[in-house]
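Asks: Please see the structure below; I have some questions.
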Amino acid sequence: MNKDLRAHRNVEEHGTPVLQSSSPSEFPQVECTPCRFRNAIGKYRLRRSDACVACGTCAEVCPYGVHKKKLNKMARPKHYLCTGFECNKCVEACPEQALSLDENPVTKVIGDRRWTPDLLISTWYMAETGQVPPGGVEYKIGDSGGGFDRIRFKFIKEPGEDLDIESFSTRIPLNRLKDGRADVEIGLPVYGGGMSYGSISLNTMVGRARAWQAWDSFTCTGEGGYPQELYPYDDHVITQVATGLFGVREETIQRVKIVEFKYAQGAKPGLGGHLLGDKVTPEVAAMREAVPGSSLFSPFPFHSVYSVEDHKKHIDWIKAMNPKALVSVKVSTPTDVDMVAVGSYYAGAHIIHLDGSYGGTGAAPEIAKKNIAMPIEYAIVKVHNFLKEEGIRDRMTVIASGGVRTAYDVAKAIALGADGVVIGTSEMVALGCIRCKNCESGRGCTRGIATTDPELSQLMELEWATQRLINLFGAWRLQFVEILDRLGMTDIRELVGRTDCLRHLDYEGS
Amino acid sequence: MPKKYHIHTETVAPRFVPVEKGTILDWEAGCLRCFKCVKRKCIYGAYNKRTFDIRQLSDTIDNICRNCLICVQSCPGQIITKTINPEYEQMGDSYWTADIISRQWYQAETGSIPVSGAGYAGPFSGPGFDDMWTDMSEIVRPTRDGIHGREYINTLVSLGRKLASFAFDDQGEPVLDAPAEIEIPIPMIFGTLPFGSLSKDVYLAMAGAAAELETLIEIPAEAWDKDLEQYARYIVPVLSEEQIETHANLIESAQVVEIKDSGKSEGVLKTLRENNPDTMVMIKTALNENCPQRVQVLAEAGADIIHVYADRNGNVDCEDKTWFVKDISRKVHDHLVDLGIRDSVTIISSGGIAMAEHVAKGVICGADAVAVDVPLLLALECRMCLRCERGLSCPVEIENVYPEWGKARIINLIGAWRNQILEVLGAMGLREVRRLRGEVGRAMFFEDLEAQTFGELFGKRIAEPSHGVSE
């Protein structure tokens with residue numbers, strides 16, 4: 001655990017973590033935003049037996065704010081803040097031996113190899129506090145055994161003390177063609193992936209838009225229309241044109257600074273989209289100009305695109321309709337992904353967005369998620385190198401997505417050759433997703449995130465959602481700064497393609 | 001236009017409560033008797049619909065629960081928790097994992113493709129079939145939509161020898177001495193079962209399913225029963241050399257017979273040909289380092305089909321190391337291609353076929369079709385406890401299945417598998433499974449991708465793919 005990140009936190013009154021108020025700045029404020037369910041899930045569980053005499057010793061020794069004395073009683077311990085056996089202070093200090101500590105059995109049924117229980121728990125922590133978690137919770141890598149999870153940085157120095165967070169730049173430009181269109185820059189090398197109205201609730205959608213606006217970046221509508229509620233955030237919205245053309249109108253194309261063509265999605269490359277009838281509520285149907293209750297299929301591919309010339313025609317169409325907008329082309333990662341990227345450049349795209357095979361989805365056949373197309377780690381390297389060889393790397397923005405879970409994944413993707421990344425699942429987790437994988441069925445997400453069910457949607461408030469995401473991105477930015485500092489850099493753009501800063505544990509010399 | 005092949009599926013409930021991954025633990029001590037208990041609010045109705053199965057002494061709540069943990073996280077008394085089901089943890093082995101087993105149960109019950117939300121949850125890559133990915137079409141190569149019926153993707157394969165060329169007589173008429181050929185509408189046959197609490201009813205269920213799917217099923221000659229005669233057309237009797245004489249009637253009624261390769265099967269083949277010129281002969285030979293040469297000999301001797309097999313986990317023990325079925329079957333395929341005789345014989349491979357994706361991958365690695373074995377038992381609720389191998393009773397009484405029930409479950413499983421094969425074929429832009437055979441260009445292999453990308457950056461790879469070992 002890195003000292004410097006914690007240096008920015010004040011442990012106030014028995015450890016309620018808050019950020020030191022930084023000078024009024026371009027950065028949004030972190031505010032403590034706890035889990036919206038009564039019992040937050042942590043790695044450990046503390047039990048207090050009847051032997052407790054409410055002496056308050058535990059509250060005094062705990063550095064993490066797990067215990068609190070309220071009047072003459074002990075409050076329910078905040079298990080999820082506990083760092084477990086490596087601390088164990090309260091258990092040892094209790095004069096009545098009333099406390100016992102064990103691992104939370106729930107961690108055995110949440111998460112998976114890519115999103116380990118540790119990654120879920122640490123992402124929740126970041127969304128609550130804007131800080132990386134203390135203790136031994138793994139917040140950098142998952143347990144997939146390959147790709148990002150086996151790659152490490154070759155840092156040249158230890159974490160510095162008292163970094164001037166604001167002196168580091170995490171901004172990246174998106175228009176590298178310099179063709180007179182908008183000079184869009186984003187405050188973090190990250191923006192939000194496409195999630196449609198229909199697949200997620202309105203509060204999720206607007207909360208994302210507000211958080212990305214706060215960090216001067218973008219969210220994406222996905223394929224499902226452009227709800228009115230997003231209009232105030234137009235300058236931070238990417239609208240998607242996908243194969244079903246659901247909700248695409250001239251007016252929506254003209255609202256935004258970036259239009260994204262979705263050719264394919266990493267989780268189901270080569271297959272169309274599918275919104276099950278249950279989730280097509282009257283509101284969703286109206287937005288998509290479809291019939292309530294009937295399943296909606298997006299075909300694959302664009303039936304108007306069967307050649308590179310058709311592809312160019314497509315891009316020209318958008319460019320003519322909105323003379324300021326940048327065009328992003330979202331593709332998946334087939335074996336010839338490098339050729340696809342070059343083709344998109346010559347067709348006039350500003351951004352090539354590669355969505356690797358382990359990307360998120362609201363619903364996809366499991367066979368597709370696992371087997372079709374290549375993981376993003378390979379595709380970034382292939383595309384970066386090929387664009388360099390073609391002499392056009394400087395004129396194209398390469399965005400990677402599909403299995404980018406943590407701030408460290410982002411930095412690794414950039415070091416492998418991407419300019420920035422797109423995320424999605426991490427946002428869902430910040431909002432309380434536990435990856436139960438039932439987004440697609442019945443009334444949708446029981447946790448009120450990926451659902452349009454009127455009742456379930458009420459489970460999450462907009463303010464809460466916005467702040468959780470602001471906090472998460474804040475925690476990520478702290479980590480970007482630390483990574484840059486430890487590599488002797490001050491600007492995230494310096495990191496692009498710096499594979500010499502990486503090592504792979506399965507290779508010689510690591 | 002010929003009738004489009006379609007597998008009709010319908011839900012077939014299991015006989016036993018399936019083993020679920022997680023289990024709800026709730027107890028009464030500490031219950032605050034809330035006016036509005038979280039248990040009433042479960043949107044899946046898990047607490048309302050739960051029942052207690054007297055025969056299995058099992059609560060059904062875990063089968064209804066969908067793991068959203070709302071109750072765990074909302075109960076004011078914190079008296080509900082959920083954790084791993086130890087029975088699930090112990091199920092299967094490192095190859096036939098509990099996840100694979102329960103996914104096949106789901107397909108056998110529903111006939112549906114497993115679809116879920118959220119991205120892929122498994123390891124980056126793995127041993128065996130997990131070290132390859134299938135390719136897709138992007139932007140300009142059209143894909144095929146087989147699932148929603150907008151395009152017909154053909155999964156038919158024809159078994160038998162194919163002529164390499166036509167010959168014509170003096171009059172310019174084609175002289176055809178075309179060898180027998182059998183068309184099966186899916187690239188799968190049912191293979192010999194490596195274990196199982198087998199009975200006549202089990203074979204009736206499986207043969208019935210094979211007949212309805214119009215594919216073939218291998219059944220050992222000693223398991224023959226006259227009730228199976230109704231399916232004789234679809235049954236491939238598996239014979240040892242000694243059984244050829246004693247089971248002449250079986251050979252008579254079959255389209256294909258299978259003989260286990262004894263190393264001198266060429267002679268047996270010749271005899272069979274003379275006595276039963278209309279019966280196709282499949283020779284089952286083990287995958288090993290000599291297999292490509294052995295297959296060449298058998299092909300040149302005129303075998304119609306060669307069934308190359310690995311053990312049930314797909315392993316092939318060679319002198320240098322243990323290979324996986326697909327690695328050696330690729331060598332067999334390539335060897336025959338090099339000799340220019342690949343189409344003179346049909347190759348079926350088996351061993352380790354556990355999921356739909358393995359069928360596609362097996363075909364990419366050179367087989368015309370694969371033989372499915374253990375999953376047929378999984379369709380009948382097998383839990384891979386292997387008690388049967390030790391002569392103990394089967395916990396799900398597979399021997400007592402109703403043939404009609406078993407048949408429907410197997411049809412469901414294969415129907416779901418076929419739909420998944422259509423998905424990957426569609427994504428690859430292929431309209432024919434026959435085009436997929438040996439088409440490694442439509443696949444990406446872990447080793448190659450690592451070498452092309454990380455190998456260039458980081459030098460020599462020193463580790464075998466480290467499957468999930470984290471720091």
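Asks: Can you name the strands (runs of 3 or more DSSP E) wholly within region A:217-315 that have at least 3 residues being away from every other protein chain (no Cβ under 14 Å) and within 26 Å of the chain's Cα centre (by Cα)? Walk me through it before giving the result.
Replies: Values: elements: A:237-241, A:258-262, A:273-275, A:296-298.
So the answer is A:237-241, A:258-262.
Asks: Could you tell me which numbered condition B:Asn67 fails, if it satisfies all but one of (1) away from chain A (no Cβ under 14 Å); (2) under 19 Å from A:Ser441 (Cα atoms)?
Replies: Tallying (1) away from chain A (no Cβ under 14 Å); (2) under 19 Å from A:Ser441 (Cα atoms), B:Asn67 fails exactly one: (1).
Asks: If you don't mind, another one. When you go through B:Gly126, B:Gly117, B:Gly122, B:Gly146 one by one, which is the residue that is within 30 Å of B:Glu181 (Cα to Cα), within 12 Å of another protein chain (Cβ to nearest Cβ) and small (Gly, Ala, Ser)? Walk me through it before giving the result.
Replies: Numbers: B:Gly126 fails: within 30 Å of B:Glu181 (Cα to Cα); B:Gly117 fails: within 30 Å of B:Glu181 (Cα to Cα); B:Gly122 fails: within 30 Å of B:Glu181 (Cα to Cα).
Of B:Gly126, B:Gly117, B:Gly122, B:Gly146, the one residue that is within 30 Å of B:Glu181 (Cα to Cα), within 12 Å of another protein chain (Cβ to nearest Cβ) and small (Gly, Ala, Ser) is B:Gly146.
Asks: While we're on this one: Across region B:415-444, what is the total count of residues that are touching a residue at least 24 places away in the same chain (Cβ under 8 Å) and assigned to a helix (DSSP H, G or I)? Write out each step before concluding.
Replies: Let us first name the residues in region B:415-444 that are touching a residue at least 24 places away in the same chain (Cβ under 8 Å), namely B:415-434, B:436-444.
Cutting the leftovers down to assigned to a helix (DSSP H, G or I) gives us B:415-428, B:433-434, B:436, B:440-442.
Number satisfying all stated conditions: 20.
Asks: Kindly provide the set of residues from region A:156-192 that are of a type in the set (Lys, Arg) and farther than 11 Å from A:Asp485 by Cα, ordered by number. Working first, answer last.
Replies: Keep residues of region A:156-192 that are of a type in the set (Lys, Arg), which gives A:157, A:171, A:176, A:178, A:181.
Hits for region A:156-192 are A:Arg171, A:Arg176, A:Lys178, A:Arg181.
Asks: Restricting to helices (runs of 4 or more DSSP H) lying wholly in region A:410-505: which have 3 or more residues that are surrounded by 19 or more Cβ atoms within 10 Å (Cβ to Cβ)? Steps first, please.
Replies: Details: elements: A:425-430, A:454-457, A:462-486.
Helices (runs of 4 or more DSSP H) meeting the threshold: A:425-430, A:462-486.
Asks: Please specify each residue of region A:113-139 satisfying the condition of being surrounded by 21 or more Cβ atoms within 10 Å (Cβ to Cβ) and either at the interface with chain B (Cβ under 10 Å from one of its Cβ atoms) or at positive phi (or both).
Replies: If the condition is that a residue be surrounded by 21 or more Cβ atoms within 10 Å (Cβ to Cβ) and either at the interface with chain B (Cβ under 10 Å from one of its Cβ atoms) or at positive phi (or both), then A:Arg114, A:Trp115, A:Thr116, A:Asp118, A:Gly130 are the ones that fit.
Asks: While we're on this one: Got a number for residues in region A:336-377 being buried (at least 24 other Cβ atoms within 10 Å of the Cβ), hydroxyl-bearing (Ser, Thr, Tyr) and either more than 11 Å from chain B (Cβ to nearest Cβ) or more than 20 Å from A:Glu223 (Cβ to Cβ) (or both)?
Replies: Within region A:336-377, residues that are buried (at least 24 other Cβ atoms within 10 Å of the Cβ), hydroxyl-bearing (Ser, Thr, Tyr) and either more than 11 Å from chain B (Cβ to nearest Cβ) or more than 20 Å from A:Glu223 (Cβ to Cβ) (or both) number 1.
Asks: Among all residue pairs at least 6 apart or on different chains, which show Cβ distances below 7 Å where the first residue, located in region A:218-229, is assigned by TED's automatic domain parsing to the domain that holds A:Thr452 and the second is part of a helix (DSSP H, G or I) and among the polar types (S, T, N, Q)?
Replies: Going by the 7 Å Cβ cut-off, the qualifying pairs are A:Tyr226/A:Thr252.
Asks: May I pose another question? If we keep just the residues of region A:76-112 that are out of contact with any Ser or Thr (no Cβ under 6 Å at 6 or more places or on another chain), under 19 Å from B:Asn85 (Cβ atoms) and charged (D, E, K, R), which is surrounded by the fewest Cβ atoms within 10 Å (Cβ to Cβ)?
Replies: A:Asp102
Asks: If you scan region A:431-458, which residues turn out to be small (Gly, Ala, Ser) and over 21 Å from the mean Cα position of the chain (by Cα)? Don't jump to the end; show me each part of the working.
Replies: Taking region A:431-458 first, the residues small (Gly, Ala, Ser) are A:432, A:441-442, A:444, A:448, A:450, A:457.
A:Ser441, A:Gly442 - these are the residues of region A:431-458 that are small (Gly, Ala, Ser) and over 21 Å from the mean Cα position of the chain (by Cα).
Asks: If we scan region B:445-452, do we find a residue that is within 23 Å of the chain's Cα centre (by Cα) and touching a residue at least 60 places away in the same chain (Cβ under 8 Å)?
Replies: yes
Asks: Next question. Output yes when any residue across region B:135-153 is among the aromatic types (Phe, Trp, Tyr) and more than 28 Å from B:Phe445 (Cβ to Cβ), and no when none is.
Replies: Restricting attention to region B:135-153, the residues satisfying the condition of being among the aromatic types (Phe, Trp, Tyr) are B:152.
Narrowing the set further to residues that are more than 28 Å from B:Phe445 (Cβ to Cβ) leaves B:152.
Scanning region B:135-153 turns up at least one residue that is among the aromatic types (Phe, Trp, Tyr) and more than 28 Å from B:Phe445 (Cβ to Cβ).
Asks: Another question about this same structure. Scan region B:401-414 residue by residue and report those that are part of a helix (DSSP H, G or I) and farther than 20 Å from B:Ile101 by Cβ.
Replies: Quick first cut of region B:401-414, residues part of a helix (DSSP H, G or I) only: B:403-414.
B:Pro403, B:Glu404, B:Lys407, listed by residue number.
Asks: Okay, moving on. Does region A:168-194 hold any residues that are part of a loop (DSSP other than H, G, I, E, B) and in contact with a Cys (Cβ under 7 Å, 6 or more places away or on another chain), and which are they?
Replies: As a first pass, look at region A:168-194 and keep what is part of a loop (DSSP other than H, G, I, E, B): A:168, A:170-171, A:174-184, A:187-189, A:193.
The answer is A:Gly193, and nothing else.
Asks: So which residues in region A:218-259 are in contact with a Pro (Cβ under 9 Å, 6 or more places away or on another chain) and either surrounded by fewer than 18 Cβ atoms within 10 Å (Cβ to Cβ) or within 23 Å of A:Pro173 (Cα to Cα) (or both)?
Replies: Matches in region A:218-259: A:Thr221 only.
Asks: Which ones in region B:203-259 are more than 25 Å from B:Val370 (Cβ to Cβ) and either out of contact with any helix residue (DSSP H, G or I) (no Cβ under 9 Å at 6 or more places or on another chain) or among the basic types (Lys, Arg) (or both)?
Replies: Of everything in region B:203-259, those that are more than 25 Å from B:Val370 (Cβ to Cβ) and either out of contact with any helix residue (DSSP H, G or I) (no Cβ under 9 Å at 6 or more places or on another chain) or among the basic types (Lys, Arg) (or both) turn out to be B:Lys226, B:Glu242, B:Glu245, B:Asn249, B:Glu252.
Asks: Please work out if A:Gln467 is modelled with pLDDT of 95 or more and either over 18 Å from the mean Cα position of the chain (by Cα) or on the phi < 0 side of the Ramachandran plot (or both).
Replies: Numbers: modelled with pLDDT of 95 or more: yes; either over 18 Å from the mean Cα position of the chain (by Cα) or on the phi < 0 side of the Ramachandran plot (or both): yes.
Spelling it out, A:Gln467 is indeed modelled with pLDDT of 95 or more and either over 18 Å from the mean Cα position of the chain (by Cα) or on the phi < 0 side of the Ramachandran plot (or both).
Asks: If you don't mind, another one. Can you tell me which residue in region B:157-184 is nearest to B:Asp227 (Cα to Cα), limited to those that are assigned to a loop (DSSP other than H, G, I, E, B) and touching a helix residue (DSSP H, G or I) at 6+ places or on another chain (Cβ under 7 Å)? Walk me through how you get there before you give the answer.
Replies: Restricting attention to region B:157-184, the residues satisfying the condition of being assigned to a loop (DSSP other than H, G, I, E, B) are B:160-166, B:169-173, B:176-181.
If we keep only those that are touching a helix residue (DSSP H, G or I) at 6+ places or on another chain (Cβ under 7 Å) as well, we get B:161-162, B:164.
Details: B:Arg161: 31, B:Lys162: 34, B:Ala164: 40 Å.
Of everything passing the filter in region B:157-184, B:Arg161 is nearest to B:Asp227 (Cα to Cα).
Asks: Would you mind stating whether B:Cys34 is within 14 Å of chain A (Cβ to nearest Cβ), more than 28 Å from B:Gln90 (Cβ to Cβ) and out of contact with any strand residue (DSSP E or B) (no Cβ under 8 Å at 6 or more places or on another chain)? Show your work before the answer.
Replies: Details: within 14 Å of chain A (Cβ to nearest Cβ): yes; more than 28 Å from B:Gln90 (Cβ to Cβ): yes; out of contact with any strand residue (DSSP E or B) (no Cβ under 8 Å at 6 or more places or on another chain): yes.
Yes, satisfied.
Asks: Has region B:193-202 got any residue that is out of contact with any helix residue (DSSP H, G or I) (no Cβ under 9 Å at 6 or more places or on another chain) and surrounded by 12 or more Cβ atoms within 10 Å (Cβ to Cβ)? Before you say what the answer is, go through the steps one by one.
Replies: To start, the set of residues in region B:193-202 that are out of contact with any helix residue (DSSP H, G or I) (no Cβ under 9 Å at 6 or more places or on another chain) comprises none.
No, region B:193-202 has no match at all.
Asks: Let me ask something else. Are there any pairs, at least 6 apart or on different chains, whose C-beta atoms fall under 8 Å, with the first in region B:293-312 and hydroxyl-bearing (Ser, Thr, Tyr) and the second surrounded by fewer than 20 Cβ atoms within 10 Å (Cβ to Cβ), and if so, which?
Replies: Final answer for the pair search is B:Tyr309/B:Ala286.
Asks: Which one of these is in a loop (DSSP other than H, G, I, E, B), within 14 Å of another protein chain (Cβ to nearest Cβ), crowded, with 22+ Cβ neighbours inside 10 Å and not aliphatic (A, V, I, L, M): B:Glu138, B:Glu151?
Replies: Numbers: B:Glu151 fails: crowded, with 22+ Cβ neighbours inside 10 Å.
So the residue among B:Glu138, B:Glu151 that is in a loop (DSSP other than H, G, I, E, B), within 14 Å of another protein chain (Cβ to nearest Cβ), crowded, with 22+ Cβ neighbours inside 10 Å and not aliphatic (A, V, I, L, M) is B:Glu138.
Asks: Still on this model: Conditions first: (1) away from chain B (no Cβ under 13 Å); (2) part of a helix (DSSP H, G or I); (3) crowded, with 21+ Cβ neighbours inside 10 Å. A:Asp394 passes all but one, so which condition is the exception?
Replies: With (1) away from chain B (no Cβ under 13 Å); (2) part of a helix (DSSP H, G or I); (3) crowded, with 21+ Cβ neighbours inside 10 Å applied to A:Asp394, the lone miss is (3).
Asks: Report whether or not B:Ile184 is among the β-branched types (Val, Ile, Thr) and under 28 Å from B:Gly391 (Cα atoms).
Replies: On the way: among the β-branched types (Val, Ile, Thr): yes; under 28 Å from B:Gly391 (Cα atoms): no.
No, not satisfied.
Asks: Right, here's the next one. Based on what the data block shows, is B:Phe124 touching a helix residue (DSSP H, G or I) at 6+ places or on another chain (Cβ under 8 Å) and either surrounded by fewer than 19 Cβ atoms within 10 Å (Cβ to Cβ) or assigned to a helix (DSSP H, G or I) (or both)?
Replies: no
One line per residue, one yes/no per condition, for (1) hydrophobic (A, V, I, L, M, F, W, C); (2) away from chain B (no Cβ under 13 Å); (3) farther than 25 Å from A:Val30 by Cα:
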| site | (1), (2), (3) |
| --- | --- |
| A:Gly424 | no, no, no |
| A:Met428 | yes, no, no |
| A:Cys436 | yes, no, yes |
| A:Gly448 | no, no, no |
| A:Leu462 | yes, yes, no |
| A:Thr466 | no, yes, no |
| A:Trp476 | yes, yes, no |
| A:Val481 | yes, yes, no |
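The values are calculated or read from the model by the stated rules, or taken from the named source; none is laboratory data. Since we're looking at a predicted model, the values are computed, not measured. So basically every Cβ, Gly included, is an ideal-geometry build from the backbone, and we count neighbours across all protein chains shown.
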